[in-house]
Ligand SMILES: Nc1ncnc2c1ncn2[C@@H]1O[C@H](COP(=O)(O)OP(=O)(O)OP(=O)(O)O)[C@@H](O)[C@H]1O
Ligand SMILES: Nc1ncnc2c1ncn2[C@@H]1O[C@H](COP(=O)(O)OP(=O)(O)O)[C@@H](O)[C@H]1O
Ligand code: SF4
Ligand SMILES: [Mg+2]
Ligand SMILES: [Mg+2]
């Protein structure tokens, strides 16, 4: 079980790192074995930052991340390596993960050196073939090729295969299907379905809401570094509580339904903001206290439980995270 | 006709032999048309887009002819193409976002790019800023490093940059694929308004995402294994596609609300053939549920109705 408890991250920006950019604030959620949790949010909302913190690629500015009850926020050396045997990630951009000077399967060889020092050649070969098979790659098509000779989709599947070489508990999958075509996407997402049936917990960071809805048990919606809504996937998609969630669902391109008049103007690209008249469910549920007081079981998440396991945050939080919304 | 491509054949040289990535394609793009180009990864979409702008050293021109606004486009001559690239035909390459040099501030990078075209950055800066405003980017992105921008911001930055000189043809290669839904919608709508504002005359929008093309494209062309399978107005491709591959591609899109627990969706079984020694006849044959003897011969790309062409023996 992977648990994020009030996790925050600030990046230092500006010429001498003088300014702090709060990329993730007060994020709390869990990924249990055998479940897929979708993490959804617009560009820059902090999804990758969450994934990188879990994978310890960047430090944590506040809060705590636990795996099976052990705080992994600051582990190093041997402990960190043991952690990586259980938690692996695949990221959105397949190209930056490959060194153009090496053959693409070099990424697999690196895993062998790192984690399978004593393995026999025959065992290694069958391990590699099994993991390639499980991501529908034909070994003959991808082994011994340079990255530029493979398509983005092939490279991405190779990276998933790399993670599957280890007997992992948690997979952080950051936009792994965004470079894949629609028909291949289904196969990879079904593969995530197989993996969860085998007990793997998966954090599925995606912008494909239809497929997030298809595969995940729970959904977490992130906006500007904060969770605005989370809960069981059918509830979040079927009865969205936050206007931002509703806007995202309305943006999904559908095949027999147009977005509505595409305006000649470009104002569609401006940042989404709630209507001034939008009622705040958080405010409504916390009458008289315009603060981030935490519901039981969540440390200062700024969320309120509106129905069983279905949480919503303030519609218009102030800069300090306190509720700035109006009652329903 | 803005763009006319005739019998274009472009292969990649490899030690193992030629990869027949683009094997004889013929089509036109009308003035003001947004042409969507769809198909599985590896089917040659990027090769087609890239061959209209810059031959990669590994690319080998075999035959074919390209005309833009009535002028011959000297695609096989990289130097001669300098006169057209960026000004007449511009591309937003696949993975453009990750290709931005991380150690250069965006403004500086734009300045250097413009200098290669003898354009003074300070002179065009007001126009750049006007267009940044239009796509909803703060002007201070010019003083920031690419690493500080999120994917959607970088993508819109690249869009502004590549259309700065109002090219006739813009090729956008998978530019919405890595974006979240709301940004994707914004970027897709921005493409449409670039056309409506006449920043570009016509466009080739490459994506595997048929549902995005359904939203913004006037026509959709489906490619399979280096050849065109079907081209038709958008509503025709979506509602009554004639090529079995187009039909299966559309059927593989998830219906809204379907859940893994209730029903498993399936992709298209099998894989596309290797383009190193592709099989003769119809290249879709091995995966086609309708294949019959005739399919051992290559089906011609035939116009069934005005603007609707198909390469399939069952469709003619
Ligand atoms: N290394 C960094 N230095 C400074 N700021 C950063 C850095 N990495 C990310 N940011 C900023 O942190 C915020 C969150 O970025 P993050 O990459 O986590 O977003 P995301 O939700 O994954 O977006 P996308 O959907 O585009 O991948 C953004 O404002 C981004 O500009
Ligand atoms: N530089 C290259 N060398 C050899 N083969 C290549 C090269 N680039 C692409 N290919 C091959 O050409 C075919 C078409 O690739 P591409 O145009 O990138 O497809 P798409 O854009 O449709 O995904 C694929 O089989 C791919 O593996
Ligand atoms: S030509 Fe034959 S194999 Fe090819 S798509 Fe048509 S029916 Fe199928
Ligand atoms: Mg990201
Ligand atoms: Mg491509």
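Just so you know, all these numbers are worked out from the coordinates, no wet-lab data involved. Being a predicted model, the structure only gives us computed values, none of them experimental. Backbone-built Cβ (ideal geometry, glycine too); neighbour counts: all protein chains shown.
Note on chain B: GNM, Cα springs under 10 Å; of B:113, B:68, B:275, the largest mean-square fluctuation is that of B:113.
Kirkwood Rh and Cα-based Rg: tell me the resulting Rg over Rh for chain B, rounded to two decimals. Intermediate results must be reported in sequence, preceding the final value.
Working: Rg = 20.2 Å, Rh = 20.6 Å.
With Rh from the inverse mean 1/r over Cα pairs, Rg/Rh is 0.98.
Taking the DSSP bridge list for chain B and keeping only pairs wholly inside it, about 60 percent are antiparallel. Diffusion coefficient of segment B:117-276 by Stokes-Einstein, Kirkwood radius over Cα pairs, 10 °C, 1.306 mPa s: 88 µm²/s. Mean partner shielding of peptide A:184-191, defined as the number of other chain Cβ atoms within 10 Å of each residue Cβ, is 5. Between the Cα long axis of helix A:152-164 and the first principal axis of chain A there is an angle of about 80°, rounded to the nearest 10.
DSSP beta bridges confined to the protein assembly as shown are antiparallel in about 60 percent of cases.
Where q = 0.16, 0.19 Å⁻¹, what log10 of I(q)/I(0) comes from the Debye formula for segment B:29-132, counting one point per Cα? For segment B:29-132, the Cα-only Debye profile gives -0.96, -1.24. Cα extents for chain A along the principal axes, largest to smallest and rounded to whole angstrom: 67, 48, 45.
When the alpha carbon gyration tensor of segment A:92-205 is reduced to an equivalent ellipsoid, the three semi-axes, largest first, read 21, 18, 13 Å.
Ordered by the number of other Cβ atoms lying within 10 Å of each residue's own Cβ, fewest first, A:256, B:308 fall into the sequence A:256, B:308. For the pair segment B:162-176 and segment B:1-43, the centres of their Cα atoms are 17 angstrom apart. In this rough spin-label picture, where each label sits 7 Å from Cα along the Cβ direction, the residue A:130-residue A:273 distance is 5.6 nm. Computed over chain A with a Gaussian network model linking Cα atoms closer than 10 Å, the most mobile of A:229, A:20, A:175 is A:20. Sorted largest first, the spans of the alpha carbon positions of segment A:1-71 along the three principal axes are 44, 27, 19 Å.
Counting partner chain Cβ atoms within 10 Å of every residue's Cβ in A:203-211, what's the average?
4
Within 10 Å of the Cβ of each residue in B:183-194, the mean number of Cβ atoms contributed by other protein chains is 6. According to the square roots a ≥ b ≥ c of the eigenvalues of the Cα gyration tensor, what is the shape class of segment B:243-316, taking rounded for a/c under 1.5, prolate for a/b larger than b/c otherwise, and oblate for the remainder? It is oblate, given that a/c is not under 1.5 and a/b is not larger than b/c. A convex hull fitted around the alpha carbon atoms of the protein assembly as shown yields 161 Å³ per residue.
Taking the beta-carbon count within 10 Å as an exposure proxy, list B:204, B:134 from fewest neighbours to most.
Values: B:204 26, B:134 19.
Sorted ascending by nearby Cβ count, the order is B:134, B:204.
Rounded to the nearest 0.05, what FRET efficiency do residue B:294 and residue A:78 have when you use their Cβ-Cβ distance and R0 = 41 Å? The calculated FRET efficiency here is 0.05. Note on residue A:284 and residue B:116: their simple-model spin labels are 5.6 nm apart, each label 7 Å out from Cα toward Cβ. The length gained on full extension between residue B:103 and residue B:258, counted as 0.36 nm times the residue separation minus their Cα-Cα distance, comes to 51.4 nm. At full extension, residue A:16 and residue A:194 could sit 59.4 nm farther apart than now, given 0.36 nm per residue minus the alpha carbon distance. Relative to the longest principal axis of the Cα atoms of chain B, the long axis of helix B:121-134 lies at roughly 60 degrees.
When only Cα pairs below 8 angstrom with a gap of at least 6 residues are kept, chain A shows a relative contact order of 20 percent. For the Cα atoms of chain A, what angle does the longest principal axis make with the long axis of helix A:77-86, in degrees from 0 to 90, nearest 10? That helix lies at roughly 90 degrees to the long axis. The stretch between residue B:67 and residue B:285, if pulled fully straight at 0.36 nm per residue, gains 75.3 nm over its current Cα-Cα span.
Largest GNM mean-square fluctuation across B:139, B:85, B:60, computed for chain B with C-alpha springs under 10 Å, falls on B:139.
Any idea what the relative contact order of chain B is, in percent, if you count C-alpha pairs under 8 Å spaced at least 6 apart? Could you put the intermediate results ahead of the total?
Values: 566 pairs, mean separation 65.6, N = 316.
It rounds to 21 percent for chain B.
Using the rule -39500 (n - 2.57) for each DSSP H run of four or more residues, divided by the residues of chain B, the 222 nm mean residue ellipticity is -7500 deg cm²/dmol.
As a length-normalised measure over Cα pairs under 8 Å and 6 or more apart, the relative contact order of segment B:243-316 settles at 26 percent.
Distance from the alpha carbon centroid of segment B:205-264 to that of segment B:83-135 works out to 33 angstrom.
Ranking A:42, A:35 by Cβ neighbours within 10 Å, fewest first, what do you get? Each step should come with its number before you reach the end.
Numbers: A:42 28, A:35 17.
Ordered by Cβ neighbours within 10 Å, fewest first: A:35, A:42.
Model label points for residue B:1 and residue A:120, set 7 angstrom from Cα along the Cα-to-Cβ axis, are 6.4 nm apart.
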